[in-house]
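One structure is given below, encoded as structure tokens.
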Amino acid sequence: MANDRQVYQGVFPVVPTIFDESGALDLEGQRRCVDFMIDAGSDGLCILANFSEQFVLSDEEREVLQDSILAHVAGRVPVIVTTTHFSSRLCAKRSRRAQDAGAAMVMVMPPYHGATIRVAEPGIFGFYQAVSDAIDIPIMIQDAPVAGTPLSAAFLARMAREIAHVSYFKIEVPFAAAKLRALIGLGGDAIVGPWDGEEAITLMADLEAGATGAMTGGGYPDGIRQILDPWRRGDREAAAEAYQRWLPLINYENRQCGLLAAKAMMLEGGIIRSDAGRHPLAPLHPETRAGLLALARKQHALALRWGR
């Protein structure tokens, strides 16, 4: 049932939240971070996601970041705003506010809390229906293990067919390519955006399965573009070669560094003044950081020189 006219494709990396050493928001650093990510070739951006440390932000800080980032981007690229909340009412309210501030899309995980509080399919359907009823922009469902909520391809396809703005899907569960194929086969034209996630660790398999977008970490959009650009030209061999070049760094981010990788690279390149996560997140071990930067240097990642 999706009736949203614009189709979004390409690399939409997650924007990290920039803090100073005391843990306060660094809005100047945030703007520089965004400028780098656009210069590095991002087709769009995603803010306030898990890799943005959204779970350590107050509601007031979320609004400050959303409004300041959208104002600074000023339409240069489309911006997806993550509006996940357990409450249907509050998620709908967040989503409406994001739309009014200029978001191109909202990304929403299914409702969950902690390790055990989950919602059955009828409640999940009603949750996304309530969000859709509140807005006029696309909804991306984030299908990720952190929610602990099984979302079958059949159920996702049903929501795409029956809920007006549900049309994009970030699939980052085990066997993602198989799920993407099933989702596209079951949903047909209702699946406007089948997307890859999880830092592009399965990007080639997902592209071959029909993925049209990639939501990655924010440290090297230039590297992901080296994979996606030849793919979009129909040159699978060149895309696969680029993927093999960048895969060690992709793997290192995914398995060793997590959400702090992008900020470590940006600090090294003079983009930001601090790569701190917000406590109680532990900083990267110095040797882990060194391993990340060595791999990034090998690929001549733009982040390491953009701010110098």
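Readers should treat all values here as calculations from the given coordinates under stated rules, not as data from a laboratory. Nothing here was measured: the structure is a model prediction, and the numbers come from that model. Cβ placement follows ideal geometry from the backbone for every residue including glycine, while neighbour counts extend to all protein chains displayed.
Could you work out how far the C-alpha centroid of region 94-130 sits from that of region 205-266, in angstrom? If you average the Cα positions of each part, the centres end up 27 Å apart. Relative contact order for region 149-306: 17 percent, from Cα pairs under 8 Å spaced at least 6 residues apart, divided by residue count.
Taking amide H as placed 1.01 Å from N in the peptide plane, Ser167 has its amide H under 5 Å from the amide H of Ile139, Ile141, each at least 5 places away in sequence or on another chain.
Arranged from fewest to most other beta-carbon atoms within 10 Å of their beta carbon, Met107, Met204, Met265 become Met204, Met107, Met265. Using C-alpha pairs below 8 Å separated by at least 6 residues, the relative contact order for region 10-304 is 20 percent.
In terms of other Cβ atoms within 10 Å, Asp26, Asp133, Asp143 run from fewest to most in the order Asp133, Asp26, Asp143. Our note on the geometry: Cα centres of region 277-308 and region 141-197, 32 Å apart.
If you put +1 on each Lys and Arg Cβ and -1 on each Asp and Glu Cβ, how big is the dipole of the chain around its Cα centre, in Debye rounded to 20?
On the way: 30 positive and 36 negative charges, 39 e Å.
Roughly 180 debye, rounded to the nearest 20.
Only helical runs count toward this figure. For the chain, summing -39,500 (n - 2.57) over DSSP H runs of n ≥ 4 and dividing by all residues gives -13500 deg cm²/dmol at 222 nm. According to the calculation over all Cα-Cα pairs in region 10-304, the P(r) per 10 Å bin from zero is 7, 29, 37, 23, 4 %.
Note on region 10-304: dipole from Cβ charges, positive end direction compared against Ala294, Ala262, Thr216; the farthest Cα belongs to Thr216.
Spherically averaged projected area of the convex hull of Cα atoms, region 57-205: 9.0 nm².
Histogrammed with a bin width of 10 Å, the alpha carbon distances of region 17-56 distribute as 27, 55, 18, 0 percent, first bin at zero.
As a ratio to 2.2 N^0.38 Å, the alpha-carbon radius of gyration computed for region 1-113 takes the value 1.04.
Structure remark: mean-square fluctuation, Gaussian network model of the chain, C-alpha springs under 10 Å; the largest value among Glu208, Glu172, Glu60 belongs to Glu60. The label point for Phe55 and the one for Asp35, both projected 7 Å from the Cα toward the Cβ, are 3.3 nm apart. Projecting the Cα positions of Ser22, Ile135, Trp246 onto the charge dipole of the chain (unit charges on Cβ atoms of Lys, Arg, Asp and Glu, taken about the Cα centre) puts Trp246 furthest along the positive direction.
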